[in-house]
Amino acid sequence: MEIPEATAHRIRLVVLDVDGVLTDGGIYVGATRDGEAVELKRFDVQDGIGVRMLKSAGIHVAVISGRVSAATDLRAAELGIVDVYQDAEARKVPALESLVAAMGLGWREVALLGDDLADLPVLRRVGLAATVANGALEVRRVATWQSSREGGRGAVREFAEALLRARKQWDGLVDEYCRERAG
């Protein structure tokens, strides 16, 4: 699915949901022998490269979740994402209203890649509403772009590539990425 060039050029902020988008939606919960709670999530490495490409193109990337998790903080820090919003009540609109205002943007300049009902209020506002292949039916109905990959399985990378190809930046960013690793 292609993103219209005019829409792609307008996007200044990409917001990524976590569970079901950056992860496959699975949450591993356990405890150490000392009783300390442990939560693990699976993140896709290719998605991390997609985030890097978006940032290299000058697009600001933020993460938002309706679940509070240390694993989310760790992955966001690893990817250099400083705007991380986690709300156990999944109140995503107020958090993003603050970020959009602080950045001096309008909602038309924002893209959200989401997957479930908690993402609907934001998806209905943004300039580019996107979802993963296994997004909820209600989300797929609102989305103007849908990945062929499931959440946590390269969908973020696919979205980043589609957005950057529409902006005619992908090939140059890939060349730059390879030059940086060649020597």
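The values are calculated or read from the model by the stated rules, or taken from the named source; none is laboratory data. From a predicted model like this one, the values you see are computed outputs, not experimental measurements. Every residue, glycine as well, gets a Cβ built from its backbone with ideal geometry; the counts of neighbours run over all protein chains shown. Accessible surface is based on the protein model in full, side chains and every heavy atom, while ligands, DNA and RNA are left aside. Shrake-Rupley method; radii C 1.70, N 1.55, O 1.52, S 1.80 Å.
Side notes on the structure shown:
- Residue in region 131-142 that is within 17 Å of Arg10 (Cβ to Cβ) and touching a strand residue (DSSP E or B) at 6+ places or on another chain (Cβ under 6 Å) present: no
- Residue check: Ala6 meets all listed conditions (1) in contact with a helix residue (DSSP H, G or I) (Cβ under 8 Å, 6 or more places away or on another chain); (2) open to solvent by 30 Å² or more (accessible area, probe 1.4 Å); (3) more than 23 Å from Ala95 (Cβ to Cβ) but one, namely (1).
- Take the conditions (1) touching a Gly at 6+ places or on another chain (Cβ under 7 Å); (2) modelled with pLDDT of 95 or more; (3) open to solvent by less than 50 Å² (accessible area, probe 1.4 Å); Asn134 misses just one of them, which is (3).
- Single match in Glu138, Glu176, Glu150 (criterion: charged (D, E, K, R) and within 17 Å of the chain's Cα centre (by Cα)): Glu150
- Any hit, region 136-153, residues being assigned to a loop (DSSP other than H, G, I, E, B) and hydrophobic (A, V, I, L, M, F, W, C): yes
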